[in-house]
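Undergrad: Right, I'll just put the structure down here and ask away after.
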Protein chains: 2
Amino acid sequence: MTITIGYIGLGIMGRPMALNLLQAGYSLRVWARRKASLDPLLRAGAKACDSIAELARECNIVFLNVSDTRDVETLVLGDDSLGQHLHPGSVVVDHSTIDPAAARHINARLAEREVGMLDAPVSGGETGAIAGTLSIMVGGETPVFERVVRLLRVVGDNIVHVGGPGAGQLCKACNQIVVAQTIAAVAEAFVLCEASGVDATKVREALLGGFASSRILDVHGQRMLDHDYQPGFKALLHQKDLGIALNAAAEVGVALPGAAQAAQWVNALVGSGGGELDSAAIADVLRRLNGMVRE
Amino acid sequence: MTITIGYIGLGIMGRPMALNLLQAGYSLRVWARRKASLDPLLRAGAKACDSIAELARECNIVFLNVSDTRDVETLVLGDDSLGQHLHPGSVVVDHSTIDPAAARHINARLAEREVGMLDAPVSGGETGAIAGTLSIMVGGETPVFERVVRLLRVVGDNIVHVGGPGAGQLCKACNQIVVAQTIAAVAEAFVLCEASGVDATKVREALLGGFASSRILDVHGQRMLDHDYQPGFKALLHQKDLGIALNAAAEVGVALPGAAQAAQWVNALVGSGGGELDSAAIADVLRRLNGMVRE
């Protein structure tokens, strides 16, 4: 069967991921509310659709890469949506980060129409999206996973089929609580250094050689030292994702005190006008808490 | 000048580190309160001293690798101590993890007798000590550092001269608060998985490919999944080290809310009889908190 790919959500992550699919030789249809966001894809050979319905009818695999749970629900289950127009046997691959329970619900509703669905949120940022080296956390039925895994390999290099519907989103929630807490931990270490007159640059270097080593210490640690908070990953999105994680925890009745505390720093960052900054700017929240920031 | 090395503190870490110095061809004198702890070193060619005074008089570089601040103070500044018997121009290298302020104080007292001192705590565990691949965080004066750096290279492969006296200890305090918080973060993620019916093994695998990746997720994460808490690094020692870090923070008037919370999990672990377990067992504290542990 010829694969025709539909792509909706051509932002910081979706655009390079869709371009990688095009460059791998796949035929691509795109639709967007803001037509200007289609331009880079159309220049690269994608075909624009006038409506979601048209895209749904012309494609058998549709990728979504949008901002939140509501967007995905509207695109898949709303009026004139993918769910109404996709052919039986088609697959929706949702790269958005949304609520795991919502992902399970959407999956079940599509299954009623014999449309497969994978929740497939990613980690690795814009850099990973451009390089095609994302980590992809997949939830969904095995036959559906097997049908699209070679497409996932075009955009990622660490593809893990975590479990059934929603498991990919739950995994992403875990990713976000670990990332937030690791950022906060590194920030605390640097604040302690700065208050003690010890060179945090040297401390980062030393810690990278031992058990405290992490990708966050490496990448976000450097951002903190440089006071360079160009995203990367915006605090506003991290705030949204921590909300998803803490809701998912509340749903199964699990206390996550560390994640809850890290979420407070992200709230303070967003509340103080830093929503568009990389969440490494949590360091400045902790510096401010301790009276150490040049305002 | 011929180097004669003295070594005090031949435990889990000190023994393999001293053996690596011997095997590199250095002449080694050892002393211990418990004579049995000398045996592996004597068999490998070290010479036993009858007293600290004898060791001090025969050596020009003395390594310490003991449990806490009090031990180091007694060995260096107490009655019949190293401080009284070392020749001017000698150097004490303290691999113990102690209070940064105490390290500065001991350094100053030795300087009065023209004895150099480095605080040089390590990270990397028993495995790193045996392999000679420790990370060593060094505080002290540059000429002293330069005099002994080739000996440090025998036992470690990431040697960072962090700053002046005490900076090595402050760096180690940073290491321990990052390690504790990263363990707690990974534990929270796994608890959320387990309560949600998602395979934490798969989640670990997926997270290792993205920004949540850390040495803790890799090594301690596996221990948590295996419920295998053989140390590694004992919770009792981690508790001590977090006490040092939080004291150091209090001294400069810095709030470290994440480190303080992680210290509570370690307290609970030690208090519930897990002091001899690896601190990865924080996962069981969080499982217990959430009613998820087989008692």
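Undergrad: What is the stretch A:170-289's relative contact order, in percent, from Cα pairs under 8 angstrom and six or more apart in sequence? Show your work: numbers first, answer last.
TA: Details: 132 pairs, mean separation 46.5, N = 120.
39 percent.
Undergrad: Is there a simple number for the mean count of other chain Cβ atoms within 10 Å of the Cβ of residues in A:131-141, and what is it?
TA: On the way: counts 0, 0, 2, 2, 9, 3, 7, 2, 1, 0, 0.
The shielding value for this peptide is 2.
Undergrad: Just add up the charged neighbours of B:Leu225: K/R +1, D/E -1, any other residue whose Cβ is under 14 Å from the Cβ of B:Leu225. The partial results should precede the final answer.
TA: Numbers: positive: B:Lys202, B:Arg204, B:Arg223, B:Arg287; negative: B:Glu194, B:Asp199, B:Glu205, B:Asp218, B:Asp226, B:Asp228, B:Asp278, B:Asp284.
It works out to a net charge of -4.
Undergrad: Counting partner chain Cβ atoms within 10 Å of every residue's Cβ in A:218-226, what's the average?
TA: Neighbouring Cβ atoms belonging to other protein chains average 1 per residue here.
Undergrad: Angle between the Cα long axis of helix B:167-196 and the longest principal axis of chain B, 0 to 90 degrees, nearest 10?
TA: 20
Undergrad: Using only the Cα atoms of the stretch B:170-289, what are the Rg and Dmax in Å?
TA: 14.1, 44
Undergrad: Would you mind computing, in nm to one decimal, how far apart the modelled labels at B:Met1 and B:Thr142 are, each placed 7 Å from Cα along Cα→Cβ?
TA: Inter-label distance under the simple model: 2.0 nm.
Undergrad: Here is a further query. Report the accessible area of A:Cys59, computed with a 1.4 Å probe over the heavy atoms of all protein chains in place, in Å² rounded to the nearest 10.
TA: A:Cys59 has an accessible surface of roughly 0 Å² with all protein chains in place.
Undergrad: Here's another thing I want to ask about it. Based on the Cα atoms of chain B, what semi-axes does the equivalent ellipsoid have, where each is the square root of 5 times one gyration tensor eigenvalue, given in whole Å with the largest first? All intermediate terms of the calculation are to be shown ahead of the outcome.
TA: Details: eigenvalues 275, 78, 57 Å².
So the equivalent ellipsoid measures 37, 20, 17 Å along its semi-axes.
Undergrad: Once both labels are modelled 7 Å past Cα along the beta-carbon direction, what's the A:Thr127-A:His87 spacing in nm?
TA: If labels sit at A:Thr127 and A:His87, their model points lie 4.2 nm apart.
Undergrad: Mind putting a number on the dipole of the protein assembly as shown about its Cα centre? Charges go on the C-beta only, +1 for Lys and Arg and -1 for Asp and Glu, and I need it in Debye to the nearest 20. Don't skip to the answer; put the middle values down first.
TA: Values: 50 positive and 62 negative charges, 140 e Å.
It works out to roughly 680 debye.
Undergrad: Could I ask something else about it? Please work out how much length the chain gains when fully extended from B:Asp39 to B:Gln230, using 0.36 nm per residue of separation minus the C-alpha to C-alpha distance, in nm with one decimal.
TA: Using 0.36 nm per residue and subtracting the Cα-Cα distance, I get 66.3 nm.
Undergrad: Shifting gears a bit: Using a probe radius of 1.4 Å on heavy atoms only, what accessible surface per residue do you get for the protein assembly as shown? Whole Å² is fine.
TA: Working: 21920 Å² over 590 residues.
So the protein assembly as shown comes to 37 Å² accessible per residue, rounded to a whole number.
Undergrad: Taking the Cα centre of chain A as origin and charging only Cβ (+1 Lys, Arg; -1 Asp, Glu), how large is the dipole, in debye to the nearest 20?
TA: Numbers: 25 positive and 31 negative charges, 81 e Å.
Approximately 380 debye in magnitude.
Undergrad: Suppose you put the label 7 Å out from Cα in the Cβ direction; list, shortest first and in nm with one decimal, how far B:Gly45 is from each other copy's label.
TA: 6.7
Undergrad: I've got another one for you. Please tell me the relative contact order of the stretch A:126-169 in percent, rounded to the nearest whole number, where contacts are Cα pairs under 8 Å and at least six residues apart.
TA: Working: 69 pairs, mean separation 22.8, N = 44.
Relative contact order comes out at 52 percent.
Undergrad: Another one. In peptide B:115-127, what is the residue-averaged number of other protein chain Cβ atoms found within 10 Å of each Cβ?
TA: On the way: counts 0, 0, 0, 0, 0, 0, 1, 1, 7, 3, 2, 0, 0.
Rounded to a whole number, the mean comes out at 1.
Undergrad: Plugging the Kirkwood radius over Cα pairs into Stokes-Einstein for the stretch B:4-164, at a temperature of 4 °C and a viscosity of 1.567 mPa s, what D comes out in µm²/s? Present the calculation step by step, with values, prior to reporting the outcome.
TA: Numbers: Rh = 15.2 Å.
Result for D is 85 µm²/s.
Undergrad: Distances from A:Val149 to the same position in the other copies: list them in nm, one decimal, shortest first, using label points 7 Å from Cα along Cα→Cβ.
TA: For A:Val149, the inter-copy label distances come out at 5.0 nm.
Undergrad: Per q in 0.07, 0.08, 0.10 Å⁻¹, report the Debye log10 I(q)/I(0) for the protein assembly as shown, using one uniform scatterer on each alpha carbon and no solvent.
TA: At q = 0.07, 0.08, 0.10 Å⁻¹ the computed log10 ratios are -0.48, -0.60, -0.84.
Undergrad: Then there is this: Contact order normalised by length for chain A, with contacts defined as Cα pairs under 8 Å and 6 or more residues apart; what percent is it?
TA: Numbers: 525 pairs, mean separation 39.2, N = 295.
This gives 13 percent for chain A.
Undergrad: In square angstrom, rounded to the nearest 10, how much accessible surface does B:Arg288 have for a 1.4 Å probe?
TA: 90
Undergrad: 7 Å from Cα along Cα→Cβ at both B:Glu251 and B:Arg70: what's the point-to-point distance in nm?
TA: Each label point lies 7 Å from its Cα, and together they span 1.8 nm.
Undergrad: Determine the calculated [θ] at 222 nm for chain B from helices alone, applying -39500 (n - 2.57) to every DSSP H run no shorter than 4 residues and normalising by the residue count; nearest 500 deg cm²/dmol.
TA: Estimated from H runs of four or more residues: -16500 deg cm²/dmol.
Undergrad: How would you classify the stretch A:128-208 from its alpha-carbon gyration tensor, with a ≥ b ≥ c the square roots of the eigenvalues: rounded for a/c under 1.5, else prolate if a/b is greater than b/c, otherwise oblate? Each step should come with its number before you reach the end.
TA: Details: a/c = 5.23, a/b = 2.50, b/c = 2.09.
It is prolate, given that a/c is not under 1.5 and a/b is the larger ratio.
Undergrad: Ignoring any ligand, DNA or RNA, what whole percent of the accessible area of the protein assembly as shown comes from carbon and sulfur when the probe is 1.4 angstrom? Walk me through the numbers before you get to the answer.
TA: Numbers: 10730 of 21920 Å².
That fraction is 49 percent.
Undergrad: Across the stretch A:7-22, in residue order, what do the Karplus-derived ³J(HN,Hα) couplings come to in whole Hz, using 6.51 cos²θ - 1.76 cosθ + 1.60 with θ = phi - 60° and x for Gly and Pro?
TA: 9, 10, x, 10, x, 3, 8, x, 4, x, 5, 5, 4, 5, 5, 4
Undergrad: Based on the Cβ-Cβ distance of A:Val219 and B:Gln222, what FRET efficiency does E = 1/(1 + (r/R0)^6) give at R0 = 22 Å, to the nearest 0.05? Please report the intermediate quantities before stating the final value.
TA: Details: r = 23 Å, r/R0 = 1.06.
Here the calculated transfer efficiency is 0.40.
Undergrad: Rank-order B:32-41, A:13-22, B:140-149 by packing density, defined as the average count of other C-beta atoms within 10 Å over each peptide's residues, highest first. Before the final figure, lay out the partial values.
TA: Numbers: B:32-41: 13.6, A:13-22: 22.4, B:140-149: 16.5.
Ranked from most to least packed, the peptides come out as A:13-22, B:140-149, B:32-41.
Undergrad: Roughly how big is the stretch A:214-295's charge dipole about its Cα centre, with Cβ charges of +1 (Lys, Arg) and -1 (Asp, Glu), in debye to the nearest 20?
TA: Numbers: 7 positive and 9 negative charges, 24 e Å.
Once rounded to the nearest 20, the dipole reads 120 debye.
Undergrad: Right, next: Using a 10 Å cut-off on Cβ atoms, rank the peptides B:87-93, A:89-95 from the highest mean neighbour count down.
TA: Working: B:87-93: 18.9, A:89-95: 23.6.
Order by mean packing, descending: A:89-95, B:87-93.
Undergrad: Ordered by packing density, taken as the mean number of other Cβ atoms within 10 Å over each peptide's residues, highest first, how do B:251-263, B:235-247 rank?
TA: Values: B:251-263: 20.0, B:235-247: 21.6.
Going from most to least packed, we get B:235-247, B:251-263.
The values are calculated or read from the model by the stated rules, or taken from the named source; none is laboratory data. These numbers were taken from a predicted model, which means no experiment stands behind them. We place every Cβ from the backbone using ideal geometry, glycine too, and count neighbours over all the protein chains shown. Accessible surface areas use protein heavy atoms only, side chains included; no ligands, DNA or RNA. Shrake-Rupley method; radii C 1.70, N 1.55, O 1.52, S 1.80 Å.
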